[in-house]
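Single-structure report; data block below.
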Amino acid sequence: MARFVVRYRGNGPRPADTIDRVKGMPGARILEDAGRTLLVEGDESKLRLVFSDESLWVVAPELTYRLPDPRRKVDGPPGG
């Protein structure tokens, strides 16, 4: 299953029925709840139907990035 960030961008707190809307989706689950933002695992098309009002909701796929390795590297011998 894919993971999506769902962000409420309306005024005030998110609607009280938000959690129930996600729980009502077959195969969907909330992985993290940060108030106005949820991390949800589920089917994208069903998720977009539940949060179809784009003036209030933003649904975006979760992105991950590899962090660079900050450790110093030892070079080989000069000229070799």
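Bear in mind that the values in this text are calculations on the coordinates, not laboratory data. Quick caveat, the model's predicted, so the values are computed rather than measured. Cβ: placed from backbone, ideal geometry, glycine included. Neighbour counts: every protein chain shown.
Nearest 500 deg cm²/dmol is fine: what mean residue ellipticity at 222 nm does the chain get from its DSSP H runs of n ≥ 4 alone, each adding -39,500 (n - 2.57), divided by its residue count? Numbers along the way, then the final one.
Numbers: 2 runs with 13 residues, N = 80.
Calculated mean residue ellipticity at 222 nm is -4000 deg cm²/dmol.
For the chain, the fraction of C-alpha pairs more than 17 angstrom apart is 52%.
Write out the GluC sites (Glu not before Pro) in the chain meeting two conditions: DSSP loop, and at most 15 other Cβ atoms within 10 Å of their Cβ. Mind showing how you got there, number by number?
Numbers: sites: Glu32, Glu41, Glu44, Glu54, Glu62; in loops: Glu54, Glu62.
For GluC sites (Glu not before Pro) across the chain that sit outside H, G, I, E and B with at most 15 neighbouring Cβ atoms in 10 Å, the list reads Glu54, Glu62.
Quote the charge dipole size of the chain about the Cα centre in Debye, to the nearest 20; the model charges only the Cβ of Lys and Arg (+1) and of Asp and Glu (-1). Please list the in-between numbers first.
Working: 14 positive and 12 negative charges, 50 e Å.
Roughly 240 debye for the chain.
Only sites in a loop by DSSP and with at most 13 other Cβ atoms within 10 Å count here; which trypsin sites (Lys or Arg not before Pro) in the chain make the cut? All intermediate terms of the calculation are to be shown ahead of the outcome.
Numbers: sites: Arg3, Arg7, Arg9, Arg21, Lys23, Arg29, Arg36, Lys46, Arg48, Arg66, Arg71, Arg72, Lys73; in loops: Arg9, Arg36, Arg66, Arg71, Arg72, Lys73.
Sites meeting the loop and neighbour criteria: Arg9, Arg66, Arg71, Arg72, Lys73.
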